[in-house]
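Notes follow the structure.
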Amino acid sequence: MEIKWSLARLCLALVSAVGALTGGGMHAAAESLGSPPTIDYALPDNWLCLPGRADACTSDQSTTVVAADGTATMETFSADAAAPIDCFYIYPTVSLEKTANSDMIAGPAEEMSAAQQFARFASVCRLYAPMYRQVTLNAHQTGGSTREALALAYGDVRAAWREYFASRNHGRGVILIAHSQGARHLARLLRDEFAADEARSRLIAAYVIGFTLPVEADGGYAGLPFCHAAGETGCVVNYESFRAESPPGPTAMFGRLHDAEPGVRPACTNPASLAGGEGELHAYLTEKTTVAWPAQPVEWARELAVKTPFVSLPGLLVARCVETADTAYLAITVKADPADPRTDIIRGDALDRSGRVMPDWGLHPIDMHLAMGNLLELARSQRDAWEKTHH
């Protein structure tokens, strides 16, 4: 099936919804929140991705790697059918449905999200991604309360996690991965479900991307430290990306905590340099996530036609966590070089419906694309470390 909507275009249409969110086996729609049906996550139809089947997480991940001299090579991809650990993913806001909560039918938007933000992790782990009745753009645009809608969405996520942990995990280590609205739900899940020793002992890491977490009194979040080194397990990665030349301002939706108590600062983990300082990003970009509104072709390098779904541009992007008195964010810099034939324009800013950049949102639509390779490298090191101590 041809997917005509890009994940970025959806994100750009839906970013205002995220602002609202930051403050029986059936495909159930939530027209009324009075008595919503319970979703039976024992049934495969209620999962976007499951191991051993062809779905959104088995999409083509082939990549054109464009070097600084313009040379292009093909990078193939293969999943690890014998992966010793699992990954559990909660996708971001992608629903354009007219109800407060989405239905449970996997459409192009959910499939695109999994294909671009999660499928590549199949080289490290077995992939689990539940469908859930997420809060839609409509819930915010109509001016209604999102409290009940959020509760329904989180209830689904928690139910999916509990079914996975009880019936599908079988004692394996797990990395939790989420972006935007999904990251909000993951942040709560870490508090609600990982106080128990059994769950915490299986937690390899949590990648909470595109949702601002506080640094708590113990230096971590929900009793978990933030990751500071490759191979560290039981830790959290958290960041929101902004262009270095356009940092989050006073009204920014990410990179700051608007309702935090005095002295509580936001977190930032640099997946390209966990110990601190600047690091080179290993991005996996695509026209479908880096174009403005409406879609326009991207020229990745002069006289280069790219036919793969993804593009990697080694050495072009670097990142550094920048912290001020009240902000913390991942600052992204393009290392422009006149001798480099590759593009110096990396699109991915959040735009309004008129195509104007919304600086308060930074590079939210491509938070995960920018550091995908770095997150994969970290996941491999954490997988190996966890395996050594548990087998």
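Derivation of every value follows stated rules applied to the coordinates shown; laboratory data play no part. What you see is a predicted model; the values in this text were computed from it and never measured. We place every Cβ from the backbone using ideal geometry, glycine too, and count neighbours over all the protein chains shown.
Ranked by the mean number of other Cβ atoms within 10 Å of their residues, highest first, the peptides 298-311, 268-281 come out as 268-281, 298-311.
Ordered by the count of other Cβ atoms within 10 Å of each Cβ, fewest first, His369, His390, His258, His364 give His258, His390, His369, His364. Compute the relative contact order of segment 206-321 as a whole-number percentage, counting only Cα pairs closer than 8 Å that sit 6 or more residues apart in sequence. Once normalised by length, the contact order is 25 percent.
For segment 84-166, applying the loop criterion from DSSP together with a ceiling of 14 other beta carbons within 10 Å to the trypsin sites (Lys or Arg not before Pro) yields Lys98. Taking the Cα centre of segment 53-121 as origin and assigning +1 to Lys and Arg Cβ atoms and -1 to Asp and Glu Cβ atoms, the resulting dipole is close to 80 debye.
Kirkwood Rh over alpha-carbon pairs of segment 158-266, then Stokes-Einstein at 10 °C and 1.306 mPa s: what D in µm² s⁻¹, rounded to an integer? This corresponds to a translational diffusion coefficient of 106 µm²/s. Close amide-amide hydrogen proximity is noted between Arg126 and Ile85, Asp86, Cys87, each under 5 Å apart and 5 or more residues distant or on a separate chain (H modeled in the peptide plane; Pro and chain starts excluded).
Multiplying the residue separation of Ile105 and Val264 by 0.36 nm and removing their Cα-Cα distance gives an extension gain of 53.3 nm. Cross-link partners for Lys98 among the aspartates and glutamates, with Cα-Cα distance under 17 Å and sequence neighbours closer than 8 places in the same chain left out: Glu31, Glu110, Glu148. Note on segment 306-391: Cα Rg divided by 2.2 N^0.38 Å, N the number of residues, gives 1.41. Applying the Karplus relation 6.51 cos²θ - 1.76 cosθ + 1.60 with θ = phi - 60° to segment 40-47 yields 3J(HN,Hα) values of 8, 7, 6, 8, x, 4, 8, 10 Hz, where x marks Gly and Pro.
Over the Cα atoms of segment 56-100, the radius of gyration divided by the Kirkwood radius equals 1.16; this is the Rg/Rh ratio. Counting other Cβ atoms within 10 Å as a rough exposure proxy, the listed residues Tyr89, Tyr154, Tyr239 run Tyr154, Tyr89, Tyr239 from fewest neighbours to most. Subtracting the Cα-Cα distance of Arg162 and Thr58 from 0.36 nm times their residue separation leaves 35.0 nm of extension gain. A simple charge model with +1 on the Cβ of Lys and Arg, -1 on the Cβ of Asp and Glu and nothing else charged puts the dipole of segment 7-390 at about 280 debye relative to its Cα centre.
Computing FRET efficiency as 1/(1 + (r/R0)^6) for Ala67 and Ser354, where r is the C-beta to C-beta distance and R0 is 35 Å, gives about 0.45. Projected onto planes of every orientation and averaged, the convex hull of the alpha-carbon atoms in the chain covers 18.6 nm².
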